[in-house]
Amino acid sequence: MKLIIATQNKSKLREIKQILKGVKLPVVSQDDLDRKFYLKENGKTFFENAVKKTLPISKVYKDDLVVGEDSGLEVQYLRGAPGVYSKRYSGKNWTYKKNNQKILKELEGISQKNRKANFHCCLVVFRSGKLIKRIDGRLNGYISKESKGKHGFGYDPIFYLPKYKKTAAQLPSSAKNKISHRAIAFSKLKAHLYKVSRST
Ligand code: ITT
């Protein structure tokens, strides 16, 4: 049995593999599989999208554990936007930079205390086409007034963490991977896998 990570995002995969170090199962990504999957993320919630990414793979690779997640940024002042639209927030020709600029523009003139935001990760685990676990992880912070830092990806350069007085993109990946929404969810998964492996 192996652990298949249902993602095509290389930055995410790198983070996930780093977090899952030490897990006894071989960890592979969907790009390592013989079969290719073209999946549509058109759900209304992170959970729906996580299932859409994961279930089709699990129906084919029945003996393996398939883990997928959907994640994004939720800005309180924007009533939870961009949420499930995080990836393409600036439109068809989106780039991470354009997405960040759009958020900064929408929050122009808004004070620090009203710039609360969080990253949300919804992780699901499937085996033989059946959902066996759902885990959510959140990281709270603020939208900064300008883009800073070179690490990470996506909204990291505008996601400010008061505890570190830095944006997520100013933290080295080893530090982000200890505190992120994905780290929280995947660390819980790791603990779950450990418990299951001891009881079987
Ligand atoms: P997969 O669906 O193949 O996993 P994706 O890039 O489409 O990869 P998501 O739909 O889950 O990933 O993510 C939506 C967006 O949310 C992503 O493109 C980033 O802009 C943002 N995002 C998610 N996690 C993030 C993180 O840790 N740091 C910064 N931005 C993040």
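The values are calculated or read from the model by the stated rules, or taken from the named source; none is laboratory data. All of these numbers come straight from a predicted model, not from anything done at the bench. Note that we place each Cβ from the backbone using ideal geometry, even for glycine, and neighbour counts take in every protein chain shown.
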Of the listed residues (141, 91), the one being small (Gly, Ala, Ser) and in contact (Cβ under 8 Å) with a residue 24 or more places away in the chain is 141
Check the range 92-110 and report whether any residue there is near the ligand (Cβ under 10 Å from one of its atoms), touching a Phe, Trp or Tyr at 6+ places or on another chain (Cβ under 7 Å) and either farther than 16 Å from residue 145 by Cα or charged (D, E, K, R) (or both). yes
Among the residues of the range 24-48, which ones are touching a residue at least 60 places away in the same chain (Cβ under 8 Å), touching a helix residue (DSSP H, G or I) at 6+ places or on another chain (Cβ under 9 Å) and more than 20 Å from residue 179 (Cβ to Cβ)? 24, 25, 45
Go through 135, 158 for me and flag whichever is within 16 Å of the ligand (Cβ to nearest atom), hydrophobic (A, V, I, L, M, F, W, C) and farther than 27 Å from residue 22 by Cβ. 158
For the range 144-155, enumerate the residues that are surrounded by 19 or more Cβ atoms within 10 Å (Cβ to Cβ) and more than 12 Å from the ligand (Cβ to nearest atom). 144
State all residues of the range 61-88 that are out of contact with any Gly (no Cβ under 9 Å at 6 or more places or on another chain) and surrounded by fewer than 19 Cβ atoms within 10 Å (Cβ to Cβ); if no residue qualifies, say none. 63, 76, 77, 78, 79, 80, 81, 88
Name the one entry in 185, 168 that is of a type in the set (A, V, I, L, M, F, W, C), at pLDDT 95 or above, within 23 Å of residue 43 (Cα to Cα) and surrounded by 15 or more Cβ atoms within 10 Å (Cβ to Cβ). 185
Out of the range 2-37, which residues are touching a Phe, Trp or Tyr at 6+ places or on another chain (Cβ under 7 Å), at pLDDT 95 or above and closer than 15 Å to residue 70 by Cβ? 30
Selection from the range 107-150 of residues among the polar types (S, T, N, Q) and not in a strand (DSSP E or B) yields 111, 112, 114, 128, 144, 147
Scan of the range 89-120 for residues that are farther than 19 Å from residue 141 by Cα and in contact with a helix residue (DSSP H, G or I) (Cβ under 8 Å, 6 or more places away or on another chain), ordered by number: 89, 90, 91
